[in-house]
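Each remark here refers to the structure printed beneath this line.
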Amino acid sequence: MREAMRNFDWRHSPAGAIDDWPEPLQHAARLMLLSTAAMTILIGREGLLIYNDATRTMFGNDYDGALGQPVGAVLPEAADFYRAAIDECYDRRSGIRFADAPIKLRRNGTLATAWFDLAFTPIANAEGDVFGVLLIANETTDRIKALRDLQRARERMDIALDAGGIVGTWDLDVATNRLTSDDRFARLFGVSPEEARVGIDNEILVNVVHPEDRQQVVAALDRAIQSGADYRCRYRAITPDGGVRWYVDAGRAVPGADGKTAKLCGVVIDLTDQVATANALAESEMRFDALAESIPHIVWSTDAEGLHDYFNRHWNEFTGLDGLTASPDTWTRLVHADDWERVSGTWAQCLATGQPYDIEYRFLYHSGAYRWLKVMALPLRDRHGQITRWYGTATDIDDAKHLETERELVANELDHRIKNLFALVNGLVALSVRDEPQMAPLAAVLQHRLGALHTAHGFLRSTSAKTDVLGATLQALVRTLLKPYDDGGTRILIVGDDAAMSQDMVTPLALVFHELATNSAKYGALANPQGIIHLTFTRGNAQMRIDWQESGLAISRPPEDSGFGSRLLTLTIERQLRGAFSRIWEPTGMAFHLTIPLGV
C-alpha cells in the first residue's frame, strides 16, 4: 500500500488508487479534488499520502518525490512542529488550528520563511479509528509582510512627524463638523484617544483655542471649506494643565462627489519652542540695538570674510555716509593715506589668524578733517571654532590724542628744565670745588647722588622708552629709584624673586617707592647713619609680595598717618595697582608690606 501511495499521481488515475484506500481516506481524497484554492494535504501517520494542485504549485520542483516520504524528511526545518500536530490528531482524535504560523520552505532552491493559517483535521471512521490527517493550509505570507510593511511605514511616519515637529494628525468631516485624530493630537487637547478615534464635535476643540485667537481659527477653517484652498492657521491653545502653547494647523481640502469640500485632513505642529526662541532673539536684538545706539562709539560688524554689514547711527554722524552703502573701496578713501598700509595689513592678519583687532589710525570726519580713532574687534566663533562674524567698535580719541601730544610736550619741557637744574647744581658744585679743593671728595659723592636722583626721576614719566632702557622688571625699577639713597651700596639690601612688569605699573610703583624712600630719608632708617633697609621680593600665584623692613629709627615716635603721603599710597596701590599694603611702626624700625598682582 505504501509503495502504491508513494507512486500514485491522483491527477492521472485518481479513482483506481483511491479505491484501494480505507473508506474515510477515500472520502477525504475525493474532497481534495474539489479544492483548487487552498493547499490541501492528506497525511498518514508515516508520511504524505496525496496533495492537490495548489499544494504542488506551492511546493514547486524542490519537493518532487515527496509523496510517501515522512513529513520530517520532507520538511526537516519544521519536523517537530508537524510531528506534534499529527500525533495530537491521532492520539486525541481532535483537530488543531494555527494562525499565521511561520514555516520554513525551500523555494527555487532557497530556504525562506512563509506564513500559513493551518487546520489539522483527523480522518476517522464511525468507530473513531483515525486513518490520516487532512491539512488545509492558506498562505498568509503576503498579508504578514503587508502588515509588517505597514508597521514599518507607521514607524517611519512617526519618525518623520517627530522630526518635522508634527505632534498630531486630524480629519474634519465638514457635514457633521466632527473631528477624528490620532492619539497624540488627542492628548494635546485633553481628549481621550477613544473619543478622538470615534470623533468629537469640532466646537469642543475650538473652545480650547486661546480666546484671542478663536475668531481667526474659525475664519480660516471657513475659508478653506468654502474655497477648497489649503488651510493654515497659527494660534495659541490652552493646555489641560492651564499652560499656553503655540501651534500651527496645516490641512488640505478633500472634495466630495459633488465637488464641494467634504473633509479637511491635516496636521498640527507645536511651535512653542520656536516662538520662544524667536521672541528671545527679537528681545536680544532689541537690547543690542538699544545698547549699540546708546553708547558713544561707532559699533560695526562684518561677516567671516571681513565685509561690513552693520553700523549704528554714530557711523552716519561721524562720516556723514549711509552705512548700507559702505564698500571695500570706502575704506581706502576714508583711512588716512599714511595709515592705510598699517591698517589694511593688521586687518588682513586678524582675518587670517583670528587674533583680536586693536589699532589706532586717522579717519576722515564729515567736516573733511581727519580724526584719530581707536578701533577694536573680536571674532565670533561657532561650536567648531570657525569664525562666523566680527563685532567691533571705533572710538573717537582725537581730543585725547591732542591732549596726549600737548602733555608730552609739557613733560618734555619739564624734563628739559629739570635736567638743566641738575646740570646747574652740578656746575655750582664744580665751581665750589675750585675754590675749596679740600671739598673734592665730598663734591664727588654729592655729584654721584645727584646723577642717581636724575636717573630715578626718569621713572616718574611712564613711557616705553624709559622702561626699555632701564629694564622692565620690578627689582630693576626699585634698585634705580633707591640708588641715590644707598651709601656705597650697603644700606639697602634687595633679595628674592624678580618679575617683569607692564608699562602701566611703572609710574604707580615709582611713586610708591619714591614716597617710601623720601619718608625714610626724613625720619626713618635712611635718616640714621646706621640705618638699613631690607627688601624681600616673594612671587606667588600671579602676584608679588614686597616686604620693606627698616632698622634704626631716627625719631622717637612715628609721624601722623594722615598726610598726603598716606593718601598717595592708598590711591596708588589700591586703586591703580589693585593691590594691598600695610605699614607697621615697630620699635626697631618701620615695616611696610606690599602685595600687587602681576600683569596689571
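The values are calculated or read from the model by the stated rules, or taken from the named source; none is laboratory data. What you see is a predicted model, and the numbers here were worked out from it, not measured in a lab. Note: ideal-geometry Cβ built from the backbone for every residue, glycine included; neighbour counts use all protein chains shown. The accessibility values were calculated without ligands, DNA or RNA, using every heavy atom of the protein model including side chains. Shrake-Rupley method; radii C 1.70, N 1.55, O 1.52, S 1.80 Å.
The phi-based Karplus calculation (6.51 cos²θ - 1.76 cosθ + 1.60; θ = phi - 60°) puts the 3J(HN,Hα) values of segment 328-343 at x, 5, 4, 5, 5, 7, 8, 6, 4, 4, 6, 9, 4, 4, 5, 5 Hz, whole numbers, x for Gly and Pro. For Tyr365, the residues whose amide H sits under 5 Å from its own are Tyr370, Arg371, ignoring neighbours fewer than 5 places away on the same chain, with H placed 1.01 Å from N. Taking amide H positions as modeled 1.01 Å from N, with prolines and chain starts lacking one, the residues under 5 Å from Asp497 and 5 or more places away or on another chain are Phe537, Thr538, Arg539.
Here the accessible area of segment 480-540 is 52 percent carbon and sulfur, with a 1.4 angstrom probe and all protein chains present. Legend: calculated FRET efficiency, Met439 to Gln543, from the Cβ-Cβ distance at R0 = 45 Å, rounded to 0.05, equals 0.40. Remark: segment 55-62, residue by residue, has Karplus-estimated 3J(HN,Hα) of 5, 4, 5, 5, 5, x, 5, 5 Hz, where x stands for each Gly or Pro and the curve is 6.51 cos²θ - 1.76 cosθ + 1.60 at θ = phi - 60°. For segment 376-417, what % of the accessible area comes from carbon and sulfur atoms, probe 1.4 Å? Whole-percent figure for carbon plus sulfur exposure: 56.
Quick one: order Tyr370, Tyr90, Tyr231 from most to least accessible surface, probe 1.4 Å.
Details: Tyr370 90, Tyr90 25, Tyr231 5 Å².
Putting Tyr370, Tyr90, Tyr231 in descending order of accessible area: Tyr370, Tyr90, Tyr231.
Each label point was placed 7 Å from the Cα along the Cα-to-Cβ direction; for Arg223 and Asp329 their separation is 4.7 nm. Solvent-accessible surface (1.4 Å probe) assigned to Tyr391 amounts to roughly 90 Å².
Ranked highest first by the average count of other Cβ atoms within 10 Å around their residues, in what order do 529-538, 123-132 fall? Mind showing how you got there, number by number?
Values: 529-538: 16.1, 123-132: 14.6.
Packing proxy ranking, top to bottom: 529-538, 123-132.
Annotation: lysines with alpha-carbon distance below 29 angstrom to Lys419 (same-chain offsets under eight excluded): Lys401, Lys466, Lys483, Lys522. For Gly579, nonlocal amide neighbours, meaning residues 5 or more places apart or on other chains whose placed amide H falls under 5 Å from its own, are Glu574. If you sort Met439, Met590, Met58, Met286 by accessible surface, 1.4 Å probe, largest first, the order is Met286, Met439, Met58, Met590.
Quick check on segment 496-539: take the gyration tensor over C-alpha atoms, sort the square-rooted eigenvalues as a ≥ b ≥ c, and tell me if it's rounded (a/c under 1.5), prolate or oblate. Walk me through the intermediate numbers first.
Working: a/c = 4.82, a/b = 1.62, b/c = 2.98.
It comes out oblate by the Cα gyration axes.
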